[in-house]
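Participant: Attaching a single structure in structure tokens format; questions to follow.
Computed from the coordinates by the stated procedures, all read-outs in this text should not be read as laboratory data. Here the structure is a predicted model, which means the values were calculated and not measured. Counting neighbours? That spans all protein chains shown, and the Cβs are built from the backbone with ideal geometry, glycine included.
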Amino acid sequence: MIARELVAIPDYAQEVVRGLTARPKTLPCKLFYDERGSALFEEITRLTEYYPTRTEFEILQQRSSEMVQAAGSPISVVELGAGTATKTSTLLRAVARRQIRVRYFPVDISPTALTEAKERVQRDLPGAHVQPVIADFGNGFHFLGEIPGRKLVLYLGSSIGNFDPDDAASLLRKVRERLSEADALLLGTDMVKSPRVLVPAYDDAQGVTEQFNKNILWRINRELGANFDLDSFHHIAEWNPRRSRMEIYLESTRAQTVVLKLTRTTVKFAPGERIHTENSYKYTLEMVERMLCVSGFSLEKSWFDRRKWFGLHLARVGKTRNRIPMSF
Ligand code: AVI
């Protein structure tokens with residue numbers, strides 16, 4: 001008797017098939033972040049060309065006390081997409097200077113990242129109470145309603161920039177629905193700047209971003225039984241001034257056919273045909289204000305680095321809900 005192996009098809013499979021059979025071809029950027037992709041992203045954040053992480057950290061180091069004062073006290077700090085919480089201790093130390101008890105709720109989809117976040121924060125602030133929350137934002141933000149007292153919600157790293165404007169507003173609106181007037185949101189955004197700075201940040205000399213981009217194909221090969229030849233795709237990073245975003249693609253260097261065994265899909269590529277894998281929006285202050293406003297927040301104060309390359313914005317639940325459509 002032949003025992004047939006049962007292979008579980010990942011729940012993102014249909015999204016991949018839809019993306020690869022669409023025109024133009026796309027893949028969801030959330031697929032970057034398996035274990036290897038997350039490690040590659042950490043490596044990106046340390047690259048000379050990739051200024052956002054370093055610049056945001058600099059602002060936090062210099063202005064955390066002001067931010068915490070503006071947020072009010074006592075507060076619990078909730079960090080959306082906390083990862084391993086590499087930047088948060090600076091802000092938590094500022095909280096510790098204003099109140100006896102520091103409560104920190106790192107929220108992430110990855111339990112391994114959260115364990116590291118908890119260890120890191122408890123090492124940096126031994127008295128802090130850290131309660132990790134494992135959550136997928138796709139299932140909403142109801143956990144916010146379960147955290148008692150006044151909250152400061154952090155959404156750092158310009159992660160909001162990986163969402164298209166409507167999706168970004170919809171995410172922020174869902175967060176806003178779980179907050180009350182005393183709470184605040186601290187949002188990190190990467191600002192518009194010269195393509196001479198932007199393009200190398202997404203196409204570094206060492207090729208780490210290229211590996212990060214190609215990891216999506218590697219993952220599909222492994223998890224969906226596909227046969228992408230990684231050497232037959234080029235990493236492309238382009239600035240689109242009209243849409244105010246960096247666009248990341250994988251471009252086929254030749255005519256080729258790829259098979260995804262698990263979903264029984266055949267995908268044909270023409271030479272030069274691209275897969276759009278990511279957008280990274282860059283904001284002006286007006287764009288930030290508008291994004292917050294359409295999501296039901298009002299901008300209270302912004303902090304920038306000296307070159308105005310990155311911004312951290314404190315917002316509160318707006319008095320009136322504005323429903324102007326958003327387009328950049
Ligand atoms: C996670 N996110 C904010 C990064 C960005 O800059 O958009 C992802 C990234 N993609 C390529 N390099 C970094």
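Participant: Could you work out the relative contact order of the range 68-163? I mean the mean sequence separation of Cα pairs under 8 Å and 6+ apart, divided by the number of residues, in percent. Present the calculation step by step, with values, prior to reporting the outcome.
Facilitator: Working: 148 pairs, mean separation 33.8, N = 96.
Rounded, it is 35 percent for the range 68-163.
Participant: Sort 285-295, 173-183, 251-261 by packing, meaning the average of other beta carbons within 10 Å per residue, with the highest value first.
Facilitator: Details: 285-295: 19.5, 173-183: 16.9, 251-261: 15.0.
Taking the mean over residues of other Cβ atoms within 10 Å, the ranking is 285-295, 173-183, 251-261.
Participant: A further question on this structure: Per the Debye formula with a single identical scatterer at each Cα and no solvent contribution, what log10 I(q)/I(0) holds for the range 228-286 at q = 0.26 Å⁻¹?
Facilitator: Each listed q corresponds, in turn, to -1.02.
Participant: If you average 1/r over every pair of different alpha-carbon atoms in the chain and take one over that average, what Kirkwood value in Å do you get? Intermediate results must be reported in sequence, preceding the final value.
Facilitator: Numbers: mean 1/r = 0.0475 Å⁻¹.
After inverting the pairwise mean of 1/r, the radius is 21.1 Å.
Participant: A further question follows. Going highest first, how would you order 71-77, 82-88 by mean Cβ packing within 10 Å? Provide the component values of the computation, followed by the final result.
Facilitator: Details: 71-77: 18.7, 82-88: 23.0.
Descending mean neighbour count gives 82-88, 71-77.
Participant: Still on this structure: Looking at the chain as a GNM with Cα springs under 10 Å, which of ARG101, ARG23, ARG245 has the largest mean-square fluctuation?
Facilitator: ARG23
Participant: Which parts of the range 280-321 would a label at GLU177 reach, counting a residue when its backbone N lies under 19 Å from a point 7 Å out along Cα-to-Cβ?
Facilitator: 291-298, 316-321
Participant: Set the bar at 24 Å for Cα to Cα. Now go through LYS87/LYS301; LYS30/LYS174; LYS193/LYS319; LYS30/LYS151; LYS30/LYS214; LYS30/LYS319 and name every pair that lies beyond it. Write out the running numbers ahead of the final one.
Facilitator: Details: LYS87/LYS301 20 Å; LYS30/LYS174 19 Å; LYS193/LYS319 32 Å; LYS30/LYS151 27 Å; LYS30/LYS214 13 Å; LYS30/LYS319 33 Å.
From the list (LYS87/LYS301; LYS30/LYS174; LYS193/LYS319; LYS30/LYS151; LYS30/LYS214; LYS30/LYS319), the Cα-Cα distance tops 24 Å for LYS193/LYS319; LYS30/LYS151; LYS30/LYS319.
Participant: If you take the alpha carbon radius of gyration of the range 195-323 and divide it by 2.2 N^0.38 Å, what ratio comes out, to two decimals?
Facilitator: Working: Rg = 19.6 Å, N = 129, 2.2 N^0.38 = 13.9 Å.
It is 1.40.
Participant: Just TYR12, TYR281, TYR155 to compare: in a GNM of the chain, with alpha carbon springs under 10 Å, which one fluctuates most?
Facilitator: TYR12
Participant: Now a separate question. Relative contact order, percent, of the chain when contacts are C-alpha pairs under 8 Å separated by at least 6 residues? Please report the intermediate quantities before stating the final value.
Facilitator: Details: 609 pairs, mean separation 65.3, N = 328.
Relative CO of the chain lands at 20 percent.
Participant: Something else: For the range 143-207, what relative contact order do you get, as a whole percent, if you take Cα pairs closer than 8 Å and at least 6 residues apart?
Facilitator: Numbers: 44 pairs, mean separation 30.4, N = 65.
Contact order relative to length: 47 percent.
Participant: Right, next: So if R0 is 56 Å, what FRET efficiency would GLU15 and ILE100 give, r being the distance between their Cβ atoms, rounded to the nearest 0.05? Numbers along the way, then the final one.
Facilitator: Values: r = 47 Å, r/R0 = 0.83.
Using R0 = 56 Å, I get an efficiency of 0.75.
Participant: Could I get the Rg over Rh figure for the range 1-159? Both from C-alpha atoms, Rh via Kirkwood, rounded to two places. Provide the component values of the computation, followed by the final result.
Facilitator: On the way: Rg = 19.1 Å, Rh = 17.9 Å.
Across the range 1-159, the Cα-based Rg/Rh ratio is 1.07.
Participant: Kindly provide the helix-only [θ] at 222 nm of the chain, computed as the sum of -39,500 (n - 2.57) over DSSP H runs of four or more divided by all residues, to the nearest 500 deg cm²/dmol? The partial results should precede the final answer.
Facilitator: Working: 10 runs with 114 residues, N = 328.
-10500 deg cm²/dmol, from helical runs alone.
Participant: Give, as a single signed number, the net charge of other residues whose beta carbon lies under 14 Å from the beta carbon of ARG46, with Lys and Arg counted +1 and Asp and Glu -1. Don't skip to the answer; put the middle values down first.
Facilitator: Details: positive: ARG54, LYS87; negative: GLU42, GLU43, GLU49, GLU56, ASP204.
Neighbour charge sum, excluding ARG46 itself: -3.
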